[in-house]
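Heads up, the thing below is written out as structure tokens.
The values are calculated or read from the model by the stated rules, or taken from the named source; none is laboratory data. Please read these numbers as outputs of a predicted model, since none were measured by experiment. With ideal geometry, Cβ positions are generated from the backbone for all residues, glycine too; neighbour counts draw on all protein chains shown. Remember, those area values only see protein heavy atoms, side chains included, never the ligands or the DNA or RNA. Shrake-Rupley method; radii C 1.70, N 1.55, O 1.52, S 1.80 Å.
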Amino acid sequence: MKKILFVATVSEHFYYFHLPVFKYFHDMGWQVEAACHGDLPLEYCDKRYELPIRRSPFSKDNIIAFKQLKKIIKDNHYDIIHCHTPMGGVLARLAASGERANGTKVLYTAHGFHFYKGAPFINKLIYYPIEYMLSFITDGLITINHEDFYNAEKHLKAKKVFLVNGVGYNSDRFSPALQSEKTLLRNELGFSPDEKILIYVAELNENKNQALLIEAAAMLKGKINFKLLLAGKDNYNGKYQALAANLGVSDVVLFLGHRNDIDKLLKASDLAVCSSLREGLPVNVMEAMACGLPVVLTDNRGHRELVKNGVNGFIVNPKSANETADAVYRLLTDNKLYSEFSDATLSAVKKYSKEYVIEELKEVYKQFI
């Protein structure tokens, strides 16, 4: 029986993004195994290994994880090892390097290189040499945006480089709501019919840059009737809640924490706003677009990949709350423009569905099976 091992830092990564790929190999009769940290259930996974992988490259636990992973790989003789996430990608490729001589193919999906255009010089100084060295022991390097694909082809040494449209959003859950459904959802969630609902789904941290949206909310307050929903775990020690209080917008900026009903929240919303400084190809934007929401996004490679400025959304300066507020105001007060952007969004997002992406990945896998 042929065997494939998937490696990532945490089980959430597989649970939310890669189960369709697990199913693909399972249905072909392969033994599907996974190595990661965490205990979320992984359907179609025949065997899983708990590893003490940590996101921080400085954690001593990663040394233990590397040794365990090296033994797992040596003992099991996999046909393919497909690794994800920065630390999963580093540890798995190093641990599998010796088995490549025995026919094991090693694939890595880069969910966004840290040496992107406009990145701090220190990023290029640290991350590019690491990725360059690891590319020599990578049989297939999968990128998810054109900028990373270009960099991988021109500057890295993987045997083969591919471009796929991300990890695929779940088209079963995310689709436009009829007006009657939207009204019911808004009532259920406690929003009034005349409020405009803005939403950003992302953990609260420095990179996600929610301060931009909170400052924009302060500029919009009194001009339109709205609520800004920030859905995501707080990994920034309450700094954004304090900022909202200081700017007097705690009544319109709602911190929802981690939610399991993102599909309902999106369908009840009018506009998606995304303020991150760095993105590879963000699923949260795809999901919003799949619900027919126009978007206001900050300028980064992942956002530029999904949105054409002035066609299906606006791309704004990540440091300009004023520009962000103006874009939001324009979309929410111009019904014709809003409708045009909504239609264009639905058309543009189709190629990022899980069905489309799994077909792209099948073509990649065929070259190594």
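Odds and ends about this structure:
- Measuring against 24 Å, Cα to Cα, the residue pairs Lys23/Lys157; Lys124/Lys208; Lys264/Lys351 contain Lys23/Lys157 as the ones spanning a longer distance.
- Gaussian network model of the chain, Cα within-10 Å springs - most flexible of Leu213, Leu185, Leu247: Leu247
- Shown are Ser135, Ser347, Ser320, whose ranking by accessible area with a 1.4 Å probe and every protein chain present, most to least, is Ser347, Ser320, Ser135.
- Loop chymotrypsin sites (Phe, Trp or Tyr not before Pro), region 88-163 (other Cβ atoms within 10 Å of the site Cβ: 12 or fewer; DSSP): Phe136
- Residues in the chain average 45 Å² of solvent-accessible surface per residue, probe 1.4 Å, ligands and nucleic acids excluded.
- Taking every alpha-carbon pair in region 285-369 and binning the separations at 10 Å intervals from zero gives 18, 41, 25, 12, 4, 0 percent.
- Across region 300-313, coupling constants 3J(HN,Hα) worked out from phi with the 6.51/-1.76/1.60 Karplus curve, θ = phi - 60°, read 8, 4, x, 5, 5, 5, 8, 10, 9, 4, x, 10, 10, x Hz, and Gly and Pro carry x.
- Among Ile63, Ile197, Ile315, the residue with the largest mean-square fluctuation in a Gaussian network model of the chain, with springs joining Cα atoms closer than 10 Å, is Ile63.
- Of the whole protein surface, Val161 contributes about 30 Å² of accessible area at a 1.4 Å probe radius.
- Estimated vicinal HN-Hα couplings, Hz - region 213-230 in sequence order (Karplus 6.51, -1.76, 1.60; Gly, Pro = x): 6, 5, 5, 5, 4, 5, 6, 7, 4, x, 8, 9, 8, 8, 10, 10, 9, 10
- Rounded to the nearest 10 degrees, the inclination of helix 86-96 to the longest alpha-carbon principal axis of the chain is 10 degrees.
- 14 Å beta-carbon shell around Tyr365, net charge (K/R +1, D/E -1): +1
- Region 313-351 and region 186-223 have Cα centres spaced 15 Å apart.
- Order of exposure, largest accessible area first, which applies to His155, His82 with probe 1.4 Å: His155, His82
- Solvent exposure of Lys74, expressed as accessible area, is near 130 Å², computed with a probe of 1.4 Å over the protein chains only.
- The Kirkwood radius of region 1-136, taken over pairs of alpha-carbon atoms, gives through the Stokes-Einstein law at 20 °C and 1.002 mPa s a diffusion coefficient of 140 µm² s⁻¹.
- Surface share of carbon and sulfur [accessible, 1.4 angstrom probe, percent] for the chain: 53
- Max mean-square fluctuation residue, GNM over the chain, Cα-Cα springs under 10 Å, options Thr85, Thr109, Thr333: Thr333
- With all protein chains modelled, accessible area of Arg100 [1.4 Å, Å²]: 60
- Fraction of antiparallel bridges per DSSP, region 188-327 only, in percent to nearest 5: 0
- Largest accessible area first, the residues Ile369, Ile214 order themselves as Ile369, Ile214 under a 1.4 Å probe with ligands, DNA and RNA left out.
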